[in-house]
Amino acid sequence: MAKHDSSAAIVDHFNELRSRSIRICVHYFFDSGKAGPKSLDNLLRALIKQLILSRDKALQPIESETQAEIRTMFQVQAIPPSTDMLKFILHKLMDETPGVFYLVDGFDDMAEPQIQSFFVLLRTIFRNGNSHGSKLAIFSRETLGRGIDVQKQLSVLEKVSQIRLSLQLLSGDISRFVEALVDEQQLMRKITDDESLLAEIKSKLKANGDKM
């Protein structure tokens, strides 16, 4: 697995991916504000939908058996498919659609059992030489939940890169967030007239950015 500990390394990583001329990009950004029991299902549905639309756009028909399973699973009056059914269909679509670049970002706040289930799926799809030739990049913290080591979870896989959001990479974003947040609060309801105290508040918030 590739390790990326600086902004330059991330740029190099995407330049390498782009040079391979991967023809389809399927992405998912997890909205932490909408975390819930169906978060993993929403991720799987999003990837399934994008694969289907991408194949339609490229005039690449899906195998008839898979088409029938998709129609049965997603018909209007059907019982919503289970997580296992969604994983089954996604796996089939990924096997039938080679050379795709999958980008998954921001799933850190899913419930721990959902994160574990997601990693199990990735190991199922991307192990054994990754015969479909797809690539996967994951943006996340190094440790999720109560101690899930992302690098260890993905260490057995090929064509998978983890873009690790270390505090060093996030420090600039945290600093800008603190500045904007404190300034907004000053406009809404003044915190203090003492500029030195205001600067001290910002400094302490930035110093504790690793707890955000």
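Residues being surrounded by 12 or more Cβ atoms within 10 Å (Cβ to Cβ) and among the aliphatic types (A, V, I, L, M): count how many of those fall in the stretch 58-72.
2
Would you mind finding the one in Glu65, Glu112 that is more than 18 Å from Val26 (Cβ to Cβ), in the same structural domain as Gly147 (by TED's automatic domain parsing), within 20 Å of the chain's Cα centre (by Cα) and of a type outside the set (A, V, I, L, M)?
The match here is Glu112.
Got at least one residue in the stretch 95-109 being over 15 Å from the mean Cα position of the chain (by Cα) and modelled with pLDDT under 75?
No, the stretch 95-109 has no match at all.
Restricting the stretch 82-130 to residues that are hydroxyl-bearing (Ser, Thr, Tyr) and either touching a helix residue (DSSP H, G or I) at 6+ places or on another chain (Cβ under 8 Å) or not in a loop (DSSP other than H, G, I, E, B) (or both), which is farthest from Lys57 (Cα to Cα)?
Across the stretch 82-130, the extreme among qualifying residues is Ser117.
Okay, residues lined up against (1) at pLDDT 75 or above; (2) surrounded by 12 or more Cβ atoms within 10 Å (Cβ to Cβ); (3) out of contact with any helix residue (DSSP H, G or I) (no Cβ under 9 Å at 6 or more places or on another chain):
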| site | (1), (2), (3) |
| --- | --- |
| Leu154 | yes, yes, no |
| Leu157 | no, yes, no |
| Gln162 | no, yes, no |
| Leu165 | no, yes, no |
| Leu170 | no, yes, no |
| Ala180 | yes, no, yes |
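The values are calculated or read from the model by the stated rules, or taken from the named source; none is laboratory data. Predicted model only: the values in this text are computed from it and were never measured. Cβ atoms come from the backbone with ideal geometry, glycine included; neighbour counts cover every protein chain shown.
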